[in-house]
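Notes to accompany the following structure.
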Amino acid sequence: MGDINKTLHKWHASFSKGTDFDSWGQLVEAIDEYQILARQLQKEAQSSANSSDFTEDQKKTIGKIATCLELRSAALQSNQSEEAFKLEDLKRLETILSNILTFNKEFPFDVQPVPLRRILAPGEEENLEVEVEEEEGGAGMGSPDAFPARVPGAIQGTLLPRLPSEPGMTLLTIKIEKIGLKDAGQCIDPYMTVSVKDINGIDLTPVQDTPMALRKEDMYVHFNVEIEIQKHVEKLTKGAAIFFEFKHYKPKKRFTSTKCFAFMEQDEIKSGQMVIELYKKPTDFKRKKLQLLTKKPLYLHLHQTLHKE
């Protein structure tokens, strides 16, 4: 029980922090807090029965709370306030989250847990890779179509707008142009997850997914998509790095897998083109045991733009 209470306490603290930021009009910080908590709740909601301390009904409620956090986060990024999910709506869920173990009423909003494709923790997919390939036709968990696209939609991704500018502060836009892979043409639904981590691998900003790649051509997957880094360059902690994880869908195994990753460190933040090396999974956010993906000259191609008032 101790672990469950510790988890609930952590979730409640994060929820309160997010709604406080929201009340104070600190929208960037609120979005950050909401999205990080939503991911934690989604992960719990999708965990298998033997690895979770919560019942299936409790996990369903946890998943619905995650959806509401995503809805509020989206409302803060949008100008359409009429239909938006409001702060007072979200605050009604604080008590439910704190009392999830005894909550047995109907959920107050008509939402569903976010139906994500199975996304595995680093290292977990490596164990699956060596299993015998499952037979075509999808025994067990249902056909590949049983897993809808990533939410809020594989097509549009989860990119965030540029932060407001501040005098003397620098904002960074990174355009992901293309990635070179020897089997580029075989990647299904490829997209990139971009995150900013501190030296211990802790998120410093909300994690963003690009939309699906534009096209695959020769040995390249082309994105041509701009990512707005959600922190001023001067506010990044010492030793921080920006990570790019290339992900694709594996129909036979029915999960979204990280194929490789790349990262850039603070001293590499400068305007213009850059090309960075690709590393073997699992993603090593602490940058301790890096192994190059290939000896071939295949890289991630980026273009950086710095904006300063």
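Listed by first and then second residue, the pairs linking a residue in the stretch 155-178 that is closer than 22 Å to residue 268 by Cα and modelled with pLDDT of 95 or more to a residue that is acidic (Asp, Glu) and open to solvent by less than 40 Å² (accessible area, probe 1.4 Å), with Cβ atoms under 9 Å apart and 6 or more places separating them unless they lie on different chains, are 171/228; 172/228; 173/228; 174/228.
Does residue 289 qualify as being more than 21 Å from the chain's Cα centre (by Cα) and within 30 Å of residue 164 (Cβ to Cβ)? No.
Restricting attention to the stretch 17-31, the residues being part of a helix (DSSP H, G or I) and open to solvent by 30 Å² or more (accessible area, probe 1.4 Å) number 7. Tell me, yes or no, whether the stretch 204-223 has at least one residue that is crowded, with 18+ Cβ neighbours inside 10 Å and small (Gly, Ala, Ser). Yes; the residues of the stretch 204-223 include at least one that is crowded, with 18+ Cβ neighbours inside 10 Å and small (Gly, Ala, Ser). Considering only residues in the stretch 282-309 that are assigned to a loop (DSSP other than H, G, I, E, B), open to solvent by less than 60 Å² (accessible area, probe 1.4 Å) and touching an Asp or Glu at 6+ places or on another chain (Cβ under 7 Å), the one that is farthest from residue 173 (Cα to Cα) turns out to be 282.
Which residue is surrounded by the most Cβ atoms within 10 Å (Cβ to Cβ), if the candidates are limited to the stretch 154-200 and must be on the phi > 0 side of the Ramachandran plot and not in a strand (DSSP E or B)? Filtering first and then ranking leaves 157. Under the condition of being modelled with pLDDT under 90 and on the phi > 0 side of the Ramachandran plot, the residues counted in the stretch 247-277 number 1. Residue count for the stretch 230-271, restricted to those that are of a type in the set (Gly, Ala, Ser) and either crowded, with 16+ Cβ neighbours inside 10 Å or out of contact with any strand residue (DSSP E or B) (no Cβ under 9 Å at 6 or more places or on another chain) (or both): 4. Candidates are the residues of the stretch 32-53 that are open to solvent by 70 Å² or more (accessible area, probe 1.4 Å) and touching a residue at least 12 places away in the same chain (Cβ under 8 Å); the one that is nearest to residue 89 (Cα to Cα) is 39.
Against the list (1) assigned to a loop (DSSP other than H, G, I, E, B); (2) open to solvent by 40 Å² or more (accessible area, probe 1.4 Å); (3) at pLDDT 90 or above, the condition residue 100 fails is (2).
When residues in the stretch 279-300 are screened for being within 15 Å of residue 193 (Cα to Cα) and not hydrophobic (A, V, I, L, M, F, W, C), 5 of them pass.
Of all residues in the stretch 272-281, exactly one satisfies the criterion of being closer than 17 Å to residue 177 by Cβ and crowded, with 18+ Cβ neighbours inside 10 Å, namely 278. Within the stretch 54-92, restricting attention to residues that are among the acidic types (Asp, Glu) and surrounded by 13 or more Cβ atoms within 10 Å (Cβ to Cβ), the residue that is modelled with the lowest pLDDT is 70.
The values are calculated or read from the model by the stated rules, or taken from the named source; none is laboratory data. Predicted model only: the values in this text are computed from it and were never measured. Cβ coordinates were reconstructed from backbone atoms using ideal geometry, including for glycine residues, and neighbour counts include every protein chain displayed. To get the accessible areas, we keep the full protein, side chains included, count just its heavy atoms, and leave off ligands, DNA and RNA. Shrake-Rupley method; radii C 1.70, N 1.55, O 1.52, S 1.80 Å.
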